[in-house]
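The values are calculated or read from the model by the stated rules, or taken from the named source; none is laboratory data. All figures in this text were calculated on a predicted structure; none of them were measured in a lab. Cβ coordinates were reconstructed from backbone atoms using ideal geometry, including for glycine residues, and neighbour counts include every protein chain displayed.
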Amino acid sequence: MSTFAENKAQQFAQPTQLPETEAQRQEWLKANKHWWETNPMRYDWLDKIPYPEFTREFYREIDSRFFANAREYLPFKRIPFDGLIDFDALPEQKVLEIGVGNGSHAQLLATYAKDFTGIDLTDYGVNSTSKRIEIFGLKNARILQMNAEELKFEDNSFDFVWSWGVIHHSANPRRILEQIHRVLKPGGTFKAMVYYRSFWSYYFFAILTGIFKGYFFKGDSLHEAAQKITDGAIARSYSRKEWRCATFLPSICGWEASSSRRQESSARAPSGLKCFARTGSAALGVEAELRIGSGRAAGRRLAR
């Protein structure tokens, strides 16, 4: 059995399912933490990293693999992810990253930001990224162990919040989004990548897996087959409408579904703040941005 098929959260039965009870949320939280402690994201599923763990060479190898992969669907001009991140604005901004993993984005953001805070649910992520920050001499960064569903920061603390491939794995993404809205300053920006439920990346490969791995013959559903080829104890995947309207705080922003081909929606919330969102698609992800205050939505397609 593959790594992806093991240690899955129980009773996670639908692609965007939220926990039905607090007890279930805690069970999923525990399963999620265990999975990522056991299988930290190092981009070494098939080819192990040949350098000692937590060394300069170890981190550079992770970055090389990650940025090379990302460049295939998100080309950059000068700095990795500069199509999504306004690096020119970072020197004046307090930045929060949710889910640092082995710290590739943490180092990238902290190099340019005025102040950087990174959090992770796992002991491994906090330990590894803290060592990376120390090795590369980033004095403006702090790494904390924290559950993003219960952020321990004051309201209006950050100018920019970033999360890459993390929120869809959480026990309750809605709680995280509510917390981000709380800690983000008026006029601040939030950007995240979550998995996109496209025909090819979800249905096609799940059907192939279900047939050729025999999962369907053992009674597994299409969703269960898809989970067994996807990382994490939980791996949600969204349609654009689901991410924008169902998950992206409609209660706060009051958004309505848009018929626009660009999938942009905007509305005025009771507080008077204006919220925007736009989503774009890729084989394995959706990028979305929430900007509170006087900003403009800046979602972009992640792949051709």
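Give me the pairs: first residue in the range 166-177 and on the phi > 0 side of the Ramachandran plot, second residue surrounded by fewer than 24 Cβ atoms within 10 Å (Cβ to Cβ), beta-carbon distance under 9 Å, and six or more apart or on different chains, which are they? Cβ pairs passing all conditions: none.
One residue stands out among those in the range 161-175 that are more than 13 Å from residue 120 (Cα to Cα) and surrounded by 24 or more Cβ atoms within 10 Å (Cβ to Cβ): the one that is nearest to the chain's Cα centre (by Cα), which is 168. Here 135, 85, 79, 98 are screened, and the one residue that is among the hydrophobic types (A, V, I, L, M, F, W, C), closer than 26 Å to residue 23 by Cβ and in contact (Cβ under 8 Å) with a residue 24 or more places away in the chain is 98. Got at least one residue in the range 187-204 being under 20 Å from residue 234 (Cβ atoms), outside any strand (DSSP E or B) and among the basic types (Lys, Arg)? Yes, some residue in the range 187-204 is under 20 Å from residue 234 (Cβ atoms), outside any strand (DSSP E or B) and among the basic types (Lys, Arg).
The listed residues are 216, 205, and the only one of them that is under 22 Å from residue 14 (Cβ atoms), at pLDDT below 95 and out of contact with any Lys or Arg (no Cβ under 8 Å at 6 or more places or on another chain) turns out to be 205. Scanning the range 207-221 for residues that are in a loop (DSSP other than H, G, I, E, B) and over 21 Å from residue 197 (Cβ atoms) yields 214, 219. In the set 78, 60, only one residue is outside any loop (DSSP other than H, G, I, E, B) and either of a type in the set (Lys, Arg) or surrounded by fewer than 20 Cβ atoms within 10 Å (Cβ to Cβ) (or both); that residue is 60.
For the range 186-204, the count of residues that are surrounded by fewer than 23 Cβ atoms within 10 Å (Cβ to Cβ), without any contact (Cβ under 8 Å) to a residue 12 or more places away in the chain and farther than 27 Å from residue 111 by Cα is nonzero. In this structure, residue 38 qualifies as among the hydroxyl-bearing types (Ser, Thr, Tyr) and either modelled with pLDDT under 95 or under 19 Å from the mean Cα position of the chain (by Cα) (or both). Taken together, the residues in the range 16-35 that are out of contact with any Leu (no Cβ under 7 Å at 6 or more places or on another chain) and either within 12 Å of residue 124 (Cα to Cα) or assigned to a loop (DSSP other than H, G, I, E, B) (or both) amount to 8. Only a single item in (1) more than 18 Å from residue 191 (Cβ to Cβ); (2) aromatic (Phe, Trp, Tyr); (3) under 17 Å from the mean Cα position of the chain (by Cα) is not met by residue 67, and it is number (1).
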